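One structure below.
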Amino acid sequence: MKSMLVGKTILLAGAGAHQALSQPLQALGCRLAACSPTLDALLIAVQQQPVDLLVVEIGAQGQPDGAQAARMFLRARDLPVIFYASGANCDELEKVRAIPSYGVMVDSVSARQLQATLEAALALFNVHHAERLDAQRCQLALEGTRAGAWEWNLVNNQVSYSSEIYTMLGIPAGGARDGQMDLLKSLVHPEDLPGCHAAMGSYLNGSAGHYEHEYRLRARDGSYLWVADRARITLRAAGGRPIRVSGVLIDITANKQAELRRREELSRLEFAVQATRTGVWDWHIADNQNYFSPMLLELLGFAPGQAPGPHNPWRQHVHPEDLPGLSAAQAYHLSGATPSMEHEFRTVQPDGSVCWLLTRGQVIERAPDGSPRRMLGTTLDITARKQAEMA
């Protein structure tokens, strides 16, 4: 199997490391970054050359301090670092323990050990680098959507919350501490708490494939926020028992408020439609598909449960004397001759009675060539007015 070191560029910081490792690394197919042994030159090489891994020597006499050099390199670039110890004493080894590295090699390392150490360092670094990128992307997403992350350890029932959750709830930094589940539960609206328990319980026992729930949380000022809570099991015990759940809380208050306003507007519209006996219709002209509101079907004389169809077209319910005029008014508007259509006509009800209607409509969508695509309108019951006029 081809080694993952082939083609990788290694920078050796230290004369001893360069002398001991140059030939073995080249034999493994690595490229060596070219630079002079001074610290400034090494730093420039790290910043400007496509280096994949750093090997920093520690313990060599008359050379820059390895720990100091490693810190400088890591501030300049996110790279995997391995220390090479050439006669390093305990104090020098202790200094580099606090520096994030991927191991320490001694001057007697074999070619096989060298290959294994470097390959493991590159593989682990790639994993850690991907995790850091994911964390950064998640953080950006959280900051841009009024959201925060949480993590629940089911073993000790401890939960940690990101700072965004505290900010979302108006809790000042340091004003609350992570802890047991009771912290968040105490803020859930009492009406929503049973649903939260049920949703999470179903997910944890496997009866639900995912956890996603919406509920209200009390903010510091006493108001309630609507949140969407989404989570998944991120760690299980050997037997499959969940031991860690990670989730995200998203503030959806604005969406809920907009939804409430839409429902209120719809309720007012439905009341107005019922009170004034007004029907609504929507005609998609290209495929001749119609939407008729329940009130319009009633006005047209359809029995409850009936709907227009090939064997019961709505035009069949129009009084025969009025159908030509209605068709002409419609065609006149479709041609673009009028900005809207308005016409009065009669329908014949199932009991034989006549209902007078006033329909108004307008083409709301046309094709590039001007042909009509969609027409929207209303139809109003004017029977009482017509009866008064004829009295």
(message) So, Asp322, is that one out of contact with any Leu (no Cβ under 8 Å at 6 or more places or on another chain), charged (D, E, K, R) and without any contact (Cβ under 8 Å) to a residue 12 or more places away in the chain or not?
(response) no
(request) Just give me the residues in the range 231-241 being small (Gly, Ala, Ser) and outside any strand (DSSP E or B), in sequence order. (result) Ala237, Ala238, Gly239, Gly240
(request) Would you confirm whether any residue within the range 199-209 is modelled with pLDDT under 90 and under 21 Å from the mean Cα position of the chain (by Cα)? (result) yes
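Residues checked against (1) at pLDDT 90 or above; (2) of a type in the set (D, E, K, R); (3) over 30 Å from Tyr215 (Cα atoms):
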position: Gln274; (1), (2), (3): no, no, yes
position: Trp283; (1), (2), (3): yes, no, yes
position: Ser293; (1), (2), (3): no, no, yes
position: Pro310; (1), (2), (3): no, no, yes
position: Arg315; (1), (2), (3): no, yes, yes
(request) List every residue pair whose Cβ atoms lie under 9 Å apart, where the two residues are 6 or more positions apart in sequence or sit on different chains, the first residue falls within the range 233-260 and is in the same structural domain as Glu151 (by TED's automatic domain parsing), and the second residue, located anywhere, is part of a helix (DSSP H, G or I) and of a type in the set (Val, Ile, Thr). (result) Leu249/Ile165
(request) Exactly one condition in (1) under 15 Å from Asn290 (Cβ atoms); (2) within 45 Å of the chain's Cα centre (by Cα); (3) modelled with pLDDT of 90 or more is not met by Leu326; state its number. (result) (2)
(message) Take residues that are closer than 30 Å to Glu151 by Cα and tell me which of the helices (runs of 4 or more DSSP H) falling wholly in the range 242-356 contain 1 or more.
(response) 253-276
(message) Exactly one condition in (1) out of contact with any Pro (no Cβ under 8 Å at 6 or more places or on another chain); (2) closer than 14 Å to Leu122 by Cβ; (3) at pLDDT 80 or above is false for Leu53; which is it?
(response) (1)
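The values are calculated or read from the model by the stated rules, or taken from the named source; none is laboratory data. Owing to the predicted nature of the structure, the values given are computational and were not obtained by experimental measurement. Note: ideal-geometry Cβ built from the backbone for every residue, glycine included; neighbour counts use all protein chains shown.
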